[in-house]
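Novice: Provided herewith is a single structure, encoded as structure tokens, for subsequent inquiry.
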Amino acid sequence: MFKPILSSCVVLTLVMTVAGCAQKPEAPVSQVNPLLTEWTTPFGAPPFNEIKPEHFLPAFKVAIDEQRKEVERIAANAEPPTFANTLEALENSGVLLGKVRAVFQNLSSSETSEALQAVNREVAPMLSATADDIRMNPRLFARVKAVWEQRERLGLSGPQRKLLDDTYKEFVRNGANLDAAGQARLRAINTELSSLGVAFDEHHLYDTNAYQLVIERREDLAGLTPDIIAAAAEAAKAAKLPGKWVFGLQSPSIWPFLSYADNRELRRQILAAYTSRCDHGDQWDNKKNAARQAALRLERSKLLGYKTFADFVLEEEMAKTPAAVYDLLNRVWVPAREMAIREAAALREIGAKAHPGFTLEASDWRYYTEKIRKSRFDLDEESLRPYFSLDRVRDGAFAVATKLYGITFTRRTDLPIYHPDVATFEVKDRDGSHLGVLYTDFHPRPGKNSGAWSDRFRPQWVMGGRDIRPIATMVCNFPRPVGAAPSQIGLEDVRTLFHEFGHALHTLLSRVRYRSLNGVPTDFVELPSQIMENWALEPDVLKLYATHFKTGQPIPADLVAKIKKSATFNQGFTTVEYLAACLLDMDWHTLTMAGEQDTAAFDKASMEKIRLLPEIVVRYRSPYFSHVFGEGGGYAAGYYSYIWSEVLDKDAFEAFKEKGLFDEATARAFRVLLEKGGSEEAMVLYKAFRGKEPSVEPLLKARGLK
């Protein structure tokens, strides 16, 4: 997923800066805070070797104070409001705060600590209050509104008009038109939501990392491959349990165990631990947190004149209305559920052969799916891993970008990094000019969130006539190397790497004038990432990177054929467990009745309403649904965006299949879409590329649902 560092607020412009943009405080050299100084590192990259946790709180205070002063100067300007002295001035405010916040929020996700978490708890309400003070500043809003009312007479360019419209709406949607009492209540809601999101993430991280399945008997490892066993032994050593094997709830550990471990009781235990995270009635429980957030979001939306929180959110998305989201989800849900029922019957049949009286359970699904995959396609996903060594897959993704856009990636070892796992690359355009920097961070560790995401330490924009190039990140949780062997990843991991790389490309290829216009609707933001997944397993692309890590031999043609043949295998399960989470999210955020729900009862009722198969667990239950209830809640009323974007990506990839996977004209047209960010409406950009609105048919076909 794309994990935005900030909200999409165009008013605050809390974004990253380049070296030299921040003002230096007057202090002795020994007391200089590296977050507040000019960064003389290559490309103005953050000097992680100098930054310490204790630097963040004072840096935030200085940066917040600076932005408040910048905004006050704009609001108090005695000159008549113009696009330059109001809109562009706002765009150029908050640069220092964005610089500090970008580093902090990246580290909070990828390399957190108790010290950083303490800072986050203190800073979150400060940032919320700052945002509210700007959005609800009556003099500032009056200036923005005055320019907006003159918009037809100003002769603005397309991007200027988009910035003006977005900024005006941002003020209105955040309380600028409310009376004093309404604004006071809105401030209180925003502050509380900010603190709740921080706490939700802390609980989720703790409960995910706290669990260990410790295996002491070798016979309990039956069914697991040598590589999986070796990784568990390494995890045990790290946990100071030598001679044992440890499995956790991070993706590289739990999913292979559930797919191959013969011990059914242990499979039950680890899945139960996974699905009960933050649901134990203890200090890490998130049920009340989720219910409180949903209630506050509803209250906030009604205060602003919307029926539900989903109505508020979707007004700015491609979908526009909750009805449109439910329509798409239900169109896919019905055939996906029917396919999942057929898949469950096949799993029961194979389970009954081994165990008379067998009853299929959720912890059995992946295990027996692999048995069927092996028998039906003669394909064992574990046998594919030797062909998918992590560095080779990464280089394969780079090679696809080179063939499409002519850009190149060169490893750099002179940039500061925040952890030894991190690698850095300079990205250059076809003509050799600098495009940006990419940080990769691929392995799990205790201070790192689970999952995968793309972020940025600096976006692209034009400031003072200078094109400031971005610093992007892609962060994943893939298995670590074991012994002398490189990290070997599975098919789903390959797709994940290409997915996050697509987000990074969106950042790296940007050519927008204004920082705020880097943002795009949530249900459009997954298009650049998901379309990259389509290239990952194409036979011509596999030839670029899929070679055996020991022999160097390319992946055999018959294995490639089996991968292609099995492309729609288990898609009922995959689609259903994802769509169930989308529908749960929408159910929370189409509530119209005030008050806090019983989270457990709400989840249960939501799944019963759609008749979720008992053998399938929703991808995210509310207590650990961090996409929706974590800090920022970036995918609240928006988790559907992956399937909405998949409609776009499958339709867009049809253009490449029609003209050629690396057709130069098609790639050039798609690059224009990536470069423009949010400078134009998302559907306008898509139609300019495709020549028509997207069709859902390619998605249904790709998932085998039609």
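Novice: Go through the stretch 586-618 and give me each residue that's within 25 Å of residue 327 (Cβ to Cβ), touching a Ser or Thr at 6+ places or on another chain (Cβ under 8 Å) and among the hydrophobic types (A, V, I, L, M, F, W, C).
Specialist: Restricting attention to the stretch 586-618, the residues satisfying the condition of being within 25 Å of residue 327 (Cβ to Cβ) are 586-593, 597, 602-613, 616, 618.
Those still in the list that are touching a Ser or Thr at 6+ places or on another chain (Cβ under 8 Å) too: 587-592, 602-603.
Answer for the stretch 586-618, where residues must be within 25 Å of residue 327 (Cβ to Cβ), touching a Ser or Thr at 6+ places or on another chain (Cβ under 8 Å) and among the hydrophobic types (A, V, I, L, M, F, W, C): 588, 591, 602.
Novice: Now for a different question. Given 431, 421, 395, 391, which one is more than 30 Å from residue 203 (Cβ to Cβ), assigned to a loop (DSSP other than H, G, I, E, B) and at pLDDT 95 or above?
Specialist: The unique qualifying residue is 431.
Novice: Going residue by residue through the stretch 401-408, is there one that turns out to be within 27 Å of the chain's Cα centre (by Cα), crowded, with 17+ Cβ neighbours inside 10 Å, under 30 Å from residue 202 (Cβ atoms) and in contact (Cβ under 8 Å) with a residue 40 or more places away in the chain?
Specialist: No: zero hits.
Novice: Related question: Go through the residues of the stretch 576-588 one by one and say whether even a single one is open to solvent by 30 Å² or more (accessible area, probe 1.4 Å) and in contact (Cβ under 8 Å) with a residue 12 or more places away in the chain. Spell out how you get there, then give the answer.
Specialist: First, the residues of the stretch 576-588 that are open to solvent by 30 Å² or more (accessible area, probe 1.4 Å): none.
No, the conditions are met nowhere in the stretch 576-588.
Novice: Still on this model: What are the residue pairs meeting all of these: first residue in the stretch 606-627, first residue closer than 18 Å to residue 204 by Cα, second residue part of a helix (DSSP H, G or I) and of a type in the set (Phe, Trp, Tyr), Cβ atoms under 8 Å, and 6 or more apart or on different chains?
Specialist: Filtered contacts from the stretch 606-627: 619/578; 622/588; 622/602; 622/629; 626/200.
Novice: Give me a count of the residues in the stretch 191-228 that are more than 30 Å from the chain's Cα centre (by Cα) and touching a residue at least 12 places away in the same chain (Cβ under 8 Å).
Specialist: Quick first cut of the stretch 191-228, residues more than 30 Å from the chain's Cα centre (by Cα) only: 214-226.
Now drop any that are not touching a residue at least 12 places away in the same chain (Cβ under 8 Å), which leaves 214-216, 220-225.
Number of matching residues: 9.
Novice: Residues that are of a type in the set (Lys, Arg): which helices (runs of 4 or more DSSP H) entirely in the stretch 608-700 hold 1 or more of them? If you could, list the steps in order and put the result at the bottom.
Specialist: Details: elements: 626-629, 641-659, 664-676, 682-690.
Per the criteria, 641-659, 664-676, 682-690.
Novice: Moving on to the next point. Go through the stretch 335-374 residue by residue and tally those that are over 13 Å from residue 569 (Cα atoms), among the basic types (Lys, Arg) and at pLDDT 95 or above.
Specialist: Residues meeting the conditions: 2.
Novice: If only one of 592, 599 is more than 24 Å from residue 449 (Cα to Cα) and polar (S, T, N, Q), which one is it?
Specialist: Working: 599 fails: more than 24 Å from residue 449 (Cα to Cα).
Going through 592, 599 in turn, the sole match is 592.
Novice: Still on this structure, please answer the following. Looking only at the stretch 459-483, which residues are open to solvent by less than 10 Å² (accessible area, probe 1.4 Å), closer than 20 Å to residue 99 by Cβ and in a strand (DSSP E or B)? Spell out the reasoning first.
Specialist: In the first step, residues of the stretch 459-483 are kept if they are open to solvent by less than 10 Å² (accessible area, probe 1.4 Å); the result is 459-461, 468, 470-476, 478.
Next, only the ones that are closer than 20 Å to residue 99 by Cβ stay: 459-461, 468, 470-473, 475.
Hits for the stretch 459-483 are 461, 468, 471, 472, 473, 475.
Novice: Another question, then. List the residue pairs whose Cβ atoms are under 9 Å apart, where the first residue sits in the stretch 536-564 and is within 16 Å of residue 490 (Cα to Cα), the second is open to solvent by 60 Å² or more (accessible area, probe 1.4 Å) and not in a helix (DSSP H, G or I), and the two are 6 or more positions apart or on different chains.
Specialist: Once the first residue is within 16 Å of residue 490 (Cα to Cα) and sits in the stretch 536-564, its partners that are open to solvent by 60 Å² or more (accessible area, probe 1.4 Å) and not in a helix (DSSP H, G or I) give 542/554; 546/554; 547/553; 547/554; 548/554; 562/378.
Novice: On the basis of being of a type in the set (A, V, I, L, M, F, W, C), in contact with a helix residue (DSSP H, G or I) (Cβ under 9 Å, 6 or more places away or on another chain), touching a residue at least 24 places away in the same chain (Cβ under 8 Å) and open to solvent by less than 20 Å² (accessible area, probe 1.4 Å), does residue 74 make the cut?
Specialist: Values: of a type in the set (A, V, I, L, M, F, W, C): yes; in contact with a helix residue (DSSP H, G or I) (Cβ under 9 Å, 6 or more places away or on another chain): yes; touching a residue at least 24 places away in the same chain (Cβ under 8 Å): yes; open to solvent by less than 20 Å² (accessible area, probe 1.4 Å): yes.
Here the answer is yes, as residue 74 does meet what is asked.
Novice: Run down 283, 293 and say which single residue is more than 23 Å from the chain's Cα centre (by Cα) and modelled with pLDDT of 95 or more.
Specialist: Values: 293 fails: more than 23 Å from the chain's Cα centre (by Cα).
Step by step, each of 283, 293 is checked, and only 283 is more than 23 Å from the chain's Cα centre (by Cα) and modelled with pLDDT of 95 or more.
The values are calculated or read from the model by the stated rules, or taken from the named source; none is laboratory data. Predicted model, so just to flag it, every value in this text is computed and none were measured. Positions of Cβ are generated from backbone atoms using ideal geometry, with glycine treated the same way; all protein chains shown enter the neighbour counts. Heads up: the accessible areas ignore ligands, DNA and RNA and are worked out on the full protein's heavy atoms, side chains in. Shrake-Rupley method; radii C 1.70, N 1.55, O 1.52, S 1.80 Å.
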